[in-house]
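Read through the structure below, which is laid out as structure tokens, and then see the notes.
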Amino acid sequence: MTFTKLRTALADVIAIPVTPYKDGALDISTFKMLLRRLIDSGVTTITPNGNTSEFYALTTAERHALIQASADATGDDAFLLLGIGHDIQTATTDARLGRGMGIPMAMIHQPTHPHISTAGWVEYHAQIASAVPDMGFVLYIRNEWVTASMLVELSDRCPNIIGIKYAVPDPTQFARIRDLAGANRFVWVAGLAEPYALSYAAHGAAGFTSGLVNVNPELSLALRDALRDGDYALAGSLLARISRFEELRAEHRSANNVSVVKEALAQLGLCDRSIRPPSREVNDSERNEIAGILADWATTHNLLPAQRRPSETAVVA
């Protein structure tokens, strides 16, 4: 597989799947079903062990089990972009494990450390990417202090760094760093999901990440197509239908980011709503509002896999 194919795979909706639990443990069979549902709906790029997957709440054994399950469930039907992070050795171990299972790409989560220097930030990512040279890497940038010169230095040292998932809520800053680092040096991805997909696309983003796609794949893919066609009016109308769902996810400093998605999936009968601390399940008011959003979406989008009948749903009234 060439990096050219991987770059093309990044210029798309990048789904971040949830990690379902059953009695507190991983529910691997449901996880595989949710991945197949994404693929059967037309999603072609998936990031297991991402933030919507509750990456930081997973043990090492659980991360590795999800890597194996992802490889088993997708086969050659989708491109996997494995989420990795923590210390350099841990990230490298996960990347090598995924590569050994045929996973072609990895996204490096932002380093979690109270004292980060610019040189240390570059070295952290360079050591991880250099350890698996035949794997494509994407950097997850959530801090505005990351400069274009840092990205250029990394690219020069590690040509297998092929993408930037930019998650700073500032389209102007995104446009500036993209231009300074080189529009074609990386595939630039809007890392703040659908709410920023339109503004970032106007400044050159080729794809966007999504947690909402777990619930409504058709809507996320319709937004992708509108952005590809340059139909910003249609994109705006689609975002209007998405907005309240994403607002609920963003409330309380994004505390509900994953729990809203899991609640929606639970109401559709697709997985359990349970979530690990420090996150929490949504409250009754939020649960009822999510039910209303699902009812609205169902008027124009098929929210259930083909094998499920409407009578099998479990939407809260």
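The values are calculated or read from the model by the stated rules, or taken from the named source; none is laboratory data. A quick note: this is a predicted structure, and the numbers were derived from the prediction, not measured. Positions of Cβ are backbone-derived with ideal geometry, glycine not excepted, and every protein chain shown enters the neighbour counts.
Observations on the structure shown:
- Here the stretch 263-317 is the region considered, the condition is being of a type in the set (S, T, Y) and assigned to a helix (DSSP H, G or I), and the residue that is modelled with the highest pLDDT is S285.
- All of (1) touching a helix residue (DSSP H, G or I) at 6+ places or on another chain (Cβ under 7 Å); (2) assigned to a loop (DSSP other than H, G, I, E, B) hold for H64 with one exception: (2).
- Evaluation of V215 against (1) of a type outside the set (F, W, Y); (2) surrounded by fewer than 23 Cβ atoms within 10 Å (Cβ to Cβ); (3) out of contact with any Ser or Thr (no Cβ under 6 Å at 6 or more places or on another chain) (one fails), failing number: (2)
- Some residue of the stretch 63-72 being over 21 Å from G211 (Cβ atoms), out of contact with any Leu (no Cβ under 9 Å at 6 or more places or on another chain) and modelled with pLDDT under 95: no
- Of all residues in the stretch 22-33, those satisfying the criterion of being farther than 22 Å from Y140 by Cβ, in contact (Cβ under 8 Å) with a residue 24 or more places away in the chain and either buried (at least 20 other Cβ atoms within 10 Å of the Cβ) or of a type outside the set (S, T, Y) (or both) are K22, G24, L26, D27, I28, K32, M33.
- In the set (1) touching a Phe, Trp or Tyr at 6+ places or on another chain (Cβ under 9 Å); (2) buried (at least 18 other Cβ atoms within 10 Å of the Cβ); (3) within 25 Å of P277 (Cα to Cα), the condition left unmet by P104 is number (3).
- Here L180, L151 are screened, and the one residue that is exposed (fewer than 14 other Cβ atoms within 10 Å of the Cβ) and touching a helix residue (DSSP H, G or I) at 6+ places or on another chain (Cβ under 6 Å) is L180.
- Taken across the stretch 45-53, residues that are touching a helix residue (DSSP H, G or I) at 6+ places or on another chain (Cβ under 6 Å), in contact (Cβ under 8 Å) with a residue 60 or more places away in the chain and either of a type in the set (D, E) or assigned to a helix (DSSP H, G or I) (or both) do occur, with at least one present.
- On inspection, T4 fails the criterion of being free of Cβ contacts under 8 Å to residues at least 12 places away in the same chain, closer than 24 Å to H113 by Cβ and either out of contact with any Gly (no Cβ under 8 Å at 6 or more places or on another chain) or of a type in the set (K, R) (or both).
- Taken over the stretch 202-221, residues that are outside any loop (DSSP other than H, G, I, E, B) and either more than 15 Å from L35 (Cα to Cα) or in contact (Cβ under 8 Å) with a residue 60 or more places away in the chain (or both) amount to 12.
- L81 being among the hydrophobic types (A, V, I, L, M, F, W, C), in contact (Cβ under 8 Å) with a residue 24 or more places away in the chain and not in a helix (DSSP H, G or I): yes
- If the condition is being over 16 Å from the mean Cα position of the chain (by Cα) and not hydrophobic (A, V, I, L, M, F, W, C), then the stretch 42-73 contributes T59, T60, E62, H64, Q68, D72.
- Residue among S237, S243 that alone is surrounded by fewer than 20 Cβ atoms within 10 Å (Cβ to Cβ), free of Cβ contacts under 8 Å to residues at least 12 places away in the same chain and in a helix (DSSP H, G or I): S237
- Cross-chain or 6+ apart pairs with Cβ under 6 Å, the stretch 251-269 first and within 23 Å of N302 (Cβ to Cβ) and among the aliphatic types (A, V, I, L, M), then modelled with pLDDT under 95 and not in a helix (DSSP H, G or I): L268/L303; L268/T313
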